[in-house]
Amino acid sequence: ALGITTHTLPTLLNAFVAIGIVLGAAAAAWLVTLKTVKRCMPAGILMGVAVVLFALQHQLVNAAVLLVAIGMLGGFFVVPLNALLQDRGKLTVGAGNAIAVQNLGENSAMLLMLGLYSLVVKLGTPVVAVGIGFGVLFALAIGGLWLWQARR
C-alpha cells in the first residue's frame, strides 16, 4: 500500500512508533495519576481508530505521522494501566506475582492475535482489510472495557 521496496524503511517506520511511545508515556506521566487512570481509556479507543486510518494510507508522510500518533496513544494508554496493575497487584498478590500474571496476559493476547492474523492471511484476506479489522476490533474491545468499568 505504501510502495515500500527497501529493507531500511520499515525500520524507520518502527522508529516513528517508538518516538510516539516515548512522547505518550511522558504525557501520561505528566497528566495521569493512579487516581485519574481512567483518563487513558479514550487513548486506547483512539489508537484503534488511528490504526484503521493508517491501514488506509498510500502516502508515506501520512503513514509516518499516523505511526507517531499510534505510538503516542499507545504510550499514553499502556503506561498508566501497567502502573495501576502493578500497584493493585502489589496490594493483593505481591509485586512479583502481579507482574508475572500481567506478562502472561500480555503474551497470551499477543499469541491470540498472531494466531488470528495467521488465520486471516491464510484465508487470503488483503493486508489493508486485516489492518482495518484489527483497528476496529481493538477500538471496540477497549470501548467495551471502558463501558463495563464505568458501569461497575
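The values are calculated or read from the model by the stated rules, or taken from the named source; none is laboratory data. Just so it is clear, the structure is predicted and the values come from calculations on it, not from any experiment. Glycine gets a Cβ as well: all are built from the backbone with ideal geometry, and neighbour counts include every protein chain shown. Quick note on the areas: whole protein, heavy atoms, side chains included, nothing else; ligands and nucleic acids left out. Shrake-Rupley method; radii C 1.70, N 1.55, O 1.52, S 1.80 Å.
The table for this structure:
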quantity: Matching residues in region 18-44 - criterion: being part of a helix (DSSP H, G or I), open to solvent by 40 Å² or more (accessible area, probe 1.4 Å) and of a type in the set (A, V, I, L, M, F, W, C); calculated: 18, 19, 21, 22, 23, 26, 29, 30, 31
quantity: Unmet criterion (only one of (1) within 28 Å of residue 35 (Cα to Cα); (2) in contact (Cβ under 8 Å) with a residue 24 or more places away in the chain; (3) aromatic (Phe, Trp, Tyr)) for residue 134; calculated: (1)
quantity: Cβ pairs under 9 Å, 6+ apart, first in region 89-100 and under 17 Å from residue 34 (Cα atoms) and modelled with pLDDT of 85 or more, second among the basic types (Lys, Arg) and open to solvent by less than 60 Å² (accessible area, probe 1.4 Å); calculated: none
quantity: Where a residue in region 19-39 is at pLDDT 90 or above and its partner, wherever it lies, is open to solvent by 70 Å² or more (accessible area, probe 1.4 Å), with Cβ under 8 Å and at least six apart; calculated: 20/72; 21/72; 23/72; 24/72; 27/72; 31/39; 32/39
quantity: Residue within region 59-75 that is in contact (Cβ under 8 Å) with a residue 60 or more places away in the chain and closer than 18 Å to residue 127 by Cα present; calculated: yes
quantity: Residue list for region 120-130, restricted to those being open to solvent by 90 Å² or more (accessible area, probe 1.4 Å) and closer than 24 Å to residue 50 by Cβ; calculated: 127
quantity: Residues located in region 48-62, provided they are crowded, with 18+ Cβ neighbours inside 10 Å and closer than 20 Å to residue 5 by Cβ; calculated: 54, 55, 57
quantity: Qualifying residue in region 4-12 (condition: open to solvent by less than 90 Å² (accessible area, probe 1.4 Å), farther than 22 Å from residue 80 by Cα, in a loop (DSSP other than H, G, I, E, B) and not small (Gly, Ala, Ser)); calculated: yes
